[in-house]
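To start, the structure under review is shown below, and the notes come after it.
The values are calculated or read from the model by the stated rules, or taken from the named source; none is laboratory data. For clarity, every value in this text was computed on a predicted model and none was experimentally measured. FYI the Cβ positions are ideal-geometry reconstructions off the backbone, even for glycines, and counts take in every protein chain you see. All accessible areas refer to the heavy atoms of the entire protein, side chains included, with ligands and DNA or RNA removed. Shrake-Rupley method; radii C 1.70, N 1.55, O 1.52, S 1.80 Å.
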Amino acid sequence: MTRLHHKVALVTGAAQGIGAAIAQAMAQEGATVILTDIHEALLRQTAETLGMPWLALDVRDEDHWAAAMQQVLAQHGGLHVLVNNAGITGLEQGALHDPEHASLEEWRRVHATNLDGVFLGCKHALRAMRLLPTGTSGSIVNISSRSGIVGIPAAAAYASSKAAVRNHTKSVALYCAEQRLPVRCNSIHPAAILTPMWEPILGTGPDREATMQAMVADTPLRRFGTPHEVASLAVFLASDESAYVTGSEFHVDGGILAGSAAVPAQQ
């Protein structure tokens, strides 16, 4: 499998879930993949399992980004692909996130990871990709969300941050075209993807299957998506197969944004 042969890719939030799946899929297509995450112990474990290099990275910290890019360039000679995947819902600590009760501190905490992290990643990746040899192109893939397209009353900060990622992706794409910089930038918008983030909600008891079905009742395909299904799209956007694709958004949502949920015919 050589769709990403000779390409160097850096994936943020790669310790588990979608990030780990993207890293594995890209490596299987021939890329050299550097895993990054803020959770160093889990990151090290994942890197050892997948047999990939890793480095701890706090996407909120510009000095971390500068050091990471310096290390990637020194050890791997260039950067062809960046996947800005690191993100938080903000709901992990049980704080209120509706528009009336969300605190400014919580609002800023979510945006610091989800938006500032993407901004900094794009900024430093562009500078690194400028150093690629003539005739070589780069690709930035930003992981947004279905929540960046529609409002989420109970997770206003998350929805706002992901909407901003969607828009910033287009700004980066147009900037690169304006600068004649051979770098493309696109966003992926997953909906209900079965990752560890869902486990506290789904539980492990006898009601798990019923809870899962209730969670996807308004999804036309009536199931959760898998990290692999997101990763397959990320591979396409990172590869030269998508050379004419930039500033675009791709929904991996089982059809939920297509319109009213389709009701299967009765047997």
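A few notes on this one:
- Scanning segment 172-210 for residues that are farther than 20 Å from F250 by Cβ, aliphatic (A, V, I, L, M) and in contact with a Phe, Trp or Tyr (Cβ under 9 Å, 6 or more places away or on another chain) yields a single hit, L181.
- Filtering segment 211-224 to residues that are closer than 22 Å to L91 by Cβ and either open to solvent by 60 Å² or more (accessible area, probe 1.4 Å) or in contact with a Gly (Cβ under 6 Å, 6 or more places away or on another chain) (or both) leaves Q213, A214, M215, D218, T219.
- Residues that are out of contact with any Leu (no Cβ under 7 Å at 6 or more places or on another chain) and part of a helix (DSSP H, G or I), drawn from segment 189-211: P196, M197, W198, E199, P200, I201, L202, E209, A210
- Matching residues in segment 33-50 - criterion: being surrounded by 22 or more Cβ atoms within 10 Å (Cβ to Cβ) and not in a helix (DSSP H, G or I): V33, I34, L35, T36, D37
- Cβ-Cβ contacts under 8 Å between residues 6 or more apart (or on different chains), taken from a first residue in segment 64-75 that is farther than 18 Å from V118 by Cβ to a second residue that is of a type outside the set (A, V, I, L, M, F, W, C), are listed as Q75/P53.
- Counted residues, segment 177-195 - those being closer than 20 Å to L233 by Cβ and touching a residue at least 60 places away in the same chain (Cβ under 8 Å): 11
- If the condition is being small (G, A, S) and touching a residue at least 12 places away in the same chain (Cβ under 8 Å), then segment 34-48 contributes only A47.
- Inside segment 116-157, residues that are open to solvent by 40 Å² or more (accessible area, probe 1.4 Å), within 20 Å of E105 (Cα to Cα) and assigned to a helix (DSSP H, G or I) make up a count of 4.
- Some residue of segment 179-186 being at pLDDT 95 or above and exposed (fewer than 13 other Cβ atoms within 10 Å of the Cβ): yes
- Once segment 159-174 is narrowed to residues that are out of contact with any helix residue (DSSP H, G or I) (no Cβ under 6 Å at 6 or more places or on another chain) and buried (at least 16 other Cβ atoms within 10 Å of the Cβ), the residue that is farthest from N84 (Cα to Cα) is S160.
- On the stretch given as segment 225-239, residues that are part of a helix (DSSP H, G or I) and either small (G, A, S) or under 16 Å from A173 (Cα atoms) (or both) total 5.
- Considering only residues in segment 57-85 that are small (G, A, S) and in a loop (DSSP other than H, G, I, E, B), the one that is surrounded by the most Cβ atoms within 10 Å (Cβ to Cβ) turns out to be G78.
- Selection count where residues are small (G, A, S) and under 23 Å from the mean Cα position of the chain (by Cα), scope segment 212-229: 1
- Residues (closer than 22 Å to H189 by Cβ and either touching a Lys or Arg at 6+ places or on another chain (Cβ under 6 Å) or not in a loop (DSSP other than H, G, I, E, B) (or both)) located in segment 86-108: W107
- Every residue from segment 13-28 that is in contact with a His (Cβ under 9 Å, 6 or more places away or on another chain) and surrounded by fewer than 20 Cβ atoms within 10 Å (Cβ to Cβ): Q16
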